[in-house]
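*Asks:* My questions will all concern the structure given below.
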């Protein structure tokens, strides 16, 4: 069995409070199980709760042995690392994977920076777990026993990887933080910097890159996709921030024949009431013969809004 459980669903910054109880206020952290095999994706603030769960449950079965995949090193995706309890356990084996970063700033050095005394009272050298760090580009990694992970570069202001986990004919894909590729060259023919050849090449390149992303999660059983904004929010100053709209995620998932779409990386300003309404709005359904805003989606795609504690099977 391949499944995913959500321990943190927010983007940008944790936002606990009375208006985020239902869908959660912790930042990105996923627990994936391939039968008894444990995989963790991202160590946002949700990692603290996951760590406590693992200590109370998995430790009873033996030492914690897991692969941790970091999508990228923005704070909201790694800030839970210092409070992830297994890092203090001598018998724990943690293999951390993540994208190659800038210059000499490796994944290990970035996490180590979090544990500098000016930020945190415990240093990396004081941690007890056995940790290995591997930097990734676009590749396929064989994790053994039929479990593989394929990586794909996404469109975000820092190097960011999507992950496709496949196990015994089932697949779970993460595609966040991500924004559709777009033409970066001027397309206004009256602009002094307009160049017809460059504009056409830019359009073709953006189209090709977007097709690669769609191919990455084609036929996925579960797709966990960035959906931080509505189309209105995105067009009102959010373009270029590295995040996607609900509309785009739903439409692309439908075209790619995805079975279950989990809308993820909630904006900190989106309350439970708003997210609940969005979930209803973007679910494919018919009323009096008319489709809602997610029109023409058919009945194959199951759209779910990510919430803390939710478990979804592939």
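Please treat every number below as a calculation from the coordinates, not as lab data. The structure displayed is predicted, hence computed values, not measured ones. So basically every Cβ, Gly included, is an ideal-geometry build from the backbone, and we count neighbours across all protein chains shown.
*Asks:* For a quick check, take a GNM of the chain with Cα springs below 10 Å and name the residue from 207, 118, 239 with the largest mean-square fluctuation.
*Replies:* 118
*Asks:* Right, another one. How high is the FRET efficiency between residue 183 and residue 53 when r is their beta carbon distance and R₀ equals 41 Å, given to the nearest 0.05?
*Replies:* In this case the efficiency is close to 0.35.
*Asks:* Sticking with this structure for a sec: Classify the range 1-140: rounded, prolate or oblate, from the alpha-carbon gyration tensor (a ≥ b ≥ c, eigenvalue square roots; a/c under 1.5 rounded; otherwise prolate if a/b is larger than b/c)?
*Replies:* Cα axes put the range 1-140 in the rounded bin.
*Asks:* Right, another one. Just 182, 48, 164 to compare: in a GNM of the chain, with alpha carbon springs under 10 Å, which one fluctuates most?
*Replies:* Looking only at 182, 48, 164, the largest GNM fluctuation is found for 182.
*Asks:* Once fully extended, how much extra length lies between residue 36 and residue 210, figured as 0.36 nm per residue of separation less the alpha-carbon to alpha-carbon distance?
*Replies:* That works out to 59.2 nm of additional length.
*Asks:* Still on this structure, please answer the following. In square nanometres, what is one fourth of the surface area of the convex hull spanned by the alpha carbons of the chain?
*Replies:* 18.8 nm²
*Asks:* Enter the angle in degrees (range 0 to 90, nearest 10) between the Cα long axis of helix 196-216 and the first principal axis of the Cα atoms of the chain, meaning the one along which they spread out most.
*Replies:* Compared with the principal axis, the helix lies near 50 degrees.
*Asks:* Using the 10 angstrom Cβ neighbour count as an exposure proxy, how do 311, 244 rank, fewest first?
*Replies:* Lowest count first: 311, 244.
*Asks:* Same structure again: In deg cm²/dmol, rounded to 500, what helix-only [θ] at 222 nm does the chain give when every DSSP H run of at least 4 residues adds -39500 (n - 2.57) and the total is split over its residues?
*Replies:* Calculated from helices alone, the mean residue ellipticity at 222 nm is -6000 deg cm²/dmol.
*Asks:* I would also like to ask the following. So what is the relative contact order for the range 2-313, in percent, with contacts set as C-alpha pairs under 8 Å and at least six apart?
*Replies:* It comes to 17 percent, rounded to a whole number.
*Asks:* Rounded, prolate or oblate for the range 100-155? Axes are the square roots of the Cα gyration tensor eigenvalues, ordered a ≥ b ≥ c, and the cut-off for rounded is a/c under 1.5.
*Replies:* oblate
*Asks:* Most exposed first by the Cβ proxy, i.e. fewest other Cβ within 10 Å, how do 109, 171 rank?
*Replies:* Values: 109 13, 171 21.
Placing the least packed residue first, the sequence is 109, 171.
*Asks:* Measure nothing fancy, just the Cα-based angle from helix 46-56's long axis to the longest principal axis of the chain, in degrees from 0 to 90, nearest 10.
*Replies:* The angle comes out near 40 degrees.
*Asks:* Ranking 20, 71, 139 by Cβ neighbours within 10 Å, fewest first, what do you get?
*Replies:* Least crowded to most crowded, the residues run 139, 20, 71.
*Asks:* Where in the range 135-160 does the label zone of residue 218 land, with the point 7 angstrom along Cα→C-beta and an amide N cut-off under 17 Å?
*Replies:* 150-153
*Asks:* Still on this structure, I have one more. Decide, for the range 126-184, between rounded, prolate and oblate: order the square roots of the alpha carbon gyration tensor eigenvalues as a ≥ b ≥ c, take rounded if a/c falls under 1.5, and otherwise choose prolate if a/b is larger than b/c, else oblate.
*Replies:* Values: a/c = 2.64, a/b = 1.30, b/c = 2.03.
Verdict is oblate for the range 126-184.
*Asks:* Also, quick follow-up: Could you tell me what percent of the DSSP beta bridges with both partners in the range 2-313 are antiparallel, to the nearest 5?
*Replies:* 50 percent
*Asks:* Can I ask one more? Contour minus end-to-end for residue 120 and residue 200, with contour as 0.36 nm per residue of separation and end-to-end as the Cα-Cα distance?
*Replies:* 23.8 nm
*Asks:* Only Cα pairs within less than 10 Å get springs; with that Gaussian network setup on the chain, which residue of 36, 279, 247 has the largest fluctuation?
*Replies:* Residue with maximal mean-square fluctuation among 36, 279, 247: 36.
*Asks:* Follow-up question, since we're still on this one. Which value in nm describes the separation of the simple spin-label points at residue 231 and residue 168, placed 7 Å from the Cα toward the beta carbon?
*Replies:* Placing both labels 7 Å along Cα→Cβ, they lie 4.1 nm apart.
*Asks:* Taking only Cα atoms, what is the 0 to 90° angle, nearest 10, from helix 246-255's long axis to the longest principal axis of the chain?
*Replies:* On a 0 to 90 degree scale, this one is about 90.
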